[in-house]
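Below: the structure, in structure tokens.
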Amino acid sequence: MATALTSAPIADPAAIERLSVELRASPTATAVLERRCVALGLADPPRVHALVDRGRVLAGQVTAVARRLAVGPDEPIGVRHVRLMCGPHLLSQASNWYVLARLPDAMIAALDDGDAPFGRVIMPLAPHRRTYWTRRIAAADAPRDGVVLRHRAVVFDGDDRPLAVVAERYQRILVDGIA
């Protein structure tokens, strides 16, 4: 069962901003989550895994995503909706739309069949992110689900080709106890 802190006082805005900066500076969100999982001592071993809902869509069905990915109307896009966990702790929820034709078959199989986070699977492609939207959750707007930060980003490979669009919701547990 996933756990998230929801009843404690609202998270420190400076800690949320530090998380946001760290995410924007990292090649993948997975790398940040794994470092935080270790720093917070959330599990032994401190390894992030994904609870996954998968699917396929045509780019024409997700027009804004298709534009950001620079794909044609008939190019298939993979979709993963994930809850990223460290042990029993929910760290984030994300939706990933990725271009199947830009990933090797072994990576597609890993995404289709495994529980590895997207960022770990694509690491051999030398990924980097460009965040295009951020929202820090103000105390007055804090939802009961523990979300303190939202990001939307495009993930590129080492040749600067767009691989994925991600929409992410980060949990409060990532900023509690981090100095």
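The values are calculated or read from the model by the stated rules, or taken from the named source; none is laboratory data. These numbers were taken from a predicted model, which means no experiment stands behind them. Cβ: placed from backbone, ideal geometry, glycine included. Neighbour counts: every protein chain shown. Remember, those area values only see protein heavy atoms, side chains included, never the ligands or the DNA or RNA. Shrake-Rupley method; radii C 1.70, N 1.55, O 1.52, S 1.80 Å.
Quick notes
- Checking each residue in region 61-104 for being farther than 29 Å from Arg172 by Cα and polar (S, T, N, Q) picks out Gln61, Thr63.
- Among the residues of region 70-82, not a single one is farther than 20 Å from Arg129 by Cβ and of a type in the set (A, V, I, L, M, F, W, C).
- Enumeration of residues in region 68-93 that are β-branched (Val, Ile, Thr) and under 10 Å from the mean Cα position of the chain (by Cα): Val82
- Taking each residue of region 15-29 that is without any contact (Cβ under 8 Å) to a residue 24 or more places away in the chain and looking for partners that are surrounded by fewer than 16 Cβ atoms within 10 Å (Cβ to Cβ) and of a type outside the set (Asp, Glu) with beta-carbon atoms closer than 6 Å, six or more apart or interchain, yields nothing.
- Candidates in region 1-21 are the residues that are modelled with pLDDT of 90 or more and open to solvent by 50 Å² or more (accessible area, probe 1.4 Å); of these, the one that is nearest to the chain's Cα centre (by Cα) is Val21.
- Ala70 vs. criteria of a type in the set (Gly, Ala, Ser) and over 18 Å from Asp53 (Cβ atoms): yes
- Selected residue (criterion: least open to solvent (accessible area, probe 1.4 Å)) from residues of region 72-125 that are assigned to a loop (DSSP other than H, G, I, E, B) and in contact with a strand residue (DSSP E or B) (Cβ under 6 Å, 6 or more places away or on another chain): Pro117
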